[in-house]
1. If I take every Cα pair under 8 Å that is 6 or more residues apart in region 4-237, average their sequence separation and divide by the length, what percent do I get for the relative contact order?
2. Give the average over all directions of the projected area of the C-alpha convex hull of the chain, one decimal, in nm².
3. Given the C-alpha centroids of region 76-145 and region 187-225, what is the distance between them in whole angstrom?
4. How would you rank 13-21, 205-213, highest first, on the average number of other Cβ atoms within 10 Å across their residues?
5. If we count every other residue with Cβ under 14 angstrom of Ala25's Cβ, Lys/Arg +1 and Asp/Glu -1, where does the sum land?
6. Count charges around Gly235 for me, please; just the other residues with Cβ under 12 Å from its Cβ, Lys/Arg as +1, Asp/Glu as -1.
7. Which cross-chain or sequence-distant (5 or more) residues have an amide H under 5 Å from the amide H of Leu81, H modelled 1.01 Å from N in plane?
8. Which order do the peptides 67-77, 88-98 come out in when sorted by mean C-beta neighbours inside 10 angstrom, highest first?
Amino acid sequence: MNRVVVITGASRGLGLELARKFIKAGDKVFGISRTRKHWAAARRSVGSKNFELSCGDMTSEKKVRELLTKIARRARRIDILVNNAGYCGPLARIEKIFPAELMEHLKQNLLSAFLMCKYAIPLMVKQDRALILNVSSMAGTRAVPRLFPYSAAKSGVLALSQSVAKENDGTGLRCLTVCPGGMNTEMRRELFGAEDAAKQQTPEFVAGVVEQIVDNKIEVLSGGHIVIRHGKITGIFPPPAA
Ligand SMILES: NC(=O)c1ccc[n+]([C@@H]2O[C@H](COP(=O)([O-])OP(=O)(O)OC[C@H]3O[C@@H](n4cnc5c(N)ncnc54)[C@H](OP(=O)(O)O)[C@@H]3O)[C@@H](O)[C@H]2O)c1
């Protein structure tokens, strides 16, 4: 399709599956990850020169600006931005959570997506059409006990999408949130172990739903969100009334 797609957290898990789908559709994908640790495997699995990886911590304003400037210079446009990079720390009751752990969740899940929006919107809003997909979680739609920092950060991601959608209403820029339930990825394995992770939906399935959203086969209104759980779409929600 020749679209320019930027995906954060594209070296593994959901981000890598999304990269595979977009590449298969004929798009150019600029993937970003924090480290180069998984690049060799990611490149092998995508197998295309149209998949370009860059390294950068998306919680760094300087790095976000630098990477987006580089992409804008090269591609001149961003058709689709997927803010997918995220972090979920260990399970703990509120009384046992250190403030630094809460702040880390807010940085990794919310600040990163906010920074990407902040610096990508000026370019994307000038285009006839552009789409920002922010990856939250079911945990962002309702709090999960012992995952308060993650739930709080991911519910902030919903607020971010709603704000971007409303502020750019009447332009060609749309923004919506994808809220997956558990997926069989490293994040889930680290939190709940390999046996539990193997029972979760695949990131391929969730990436397939995202593909249908961008291809307008599934309609999610700008500012709205979609919940994908146990290999099914369990809800599509419009943005809240003004
Ligand atoms: N897995 C689940 O059960 C689940 C459920 C609901 C929602 N989600 C959400 O879905 C998204 C993808 O999750 P996943 O399970 O695929 O994650 P994952 O397997 O842990 O992969 C995370 C990816 O994000 C990158 N990343 C992390 N922090 C970053 C940062 N600060 N800057 C740049 N890149 C960063 C990682 O890069 P490196 O490889 O270099 O570290 C990696 O590419 C996340 O937002 C997650 O919260 C996951």
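1. 18 percent
2. 12.6 nm²
3. 15 Å
4. The most tightly packed comes first, giving 13-21, 205-213.
5. Combined, the nearby Lys, Arg, Asp and Glu give +1.
6. +3
7. It is Val6, Leu131, Ile132, Leu133, by chain and number.
8. Peptide ranking by packing, descending: 67-77, 88-98.
Taken together, the values in this text are just the output of simple stated rules run on the coordinates, not laboratory data. These figures come from a predicted structure and were not determined experimentally. We place every Cβ from the backbone using ideal geometry, glycine too, and count neighbours over all the protein chains shown.
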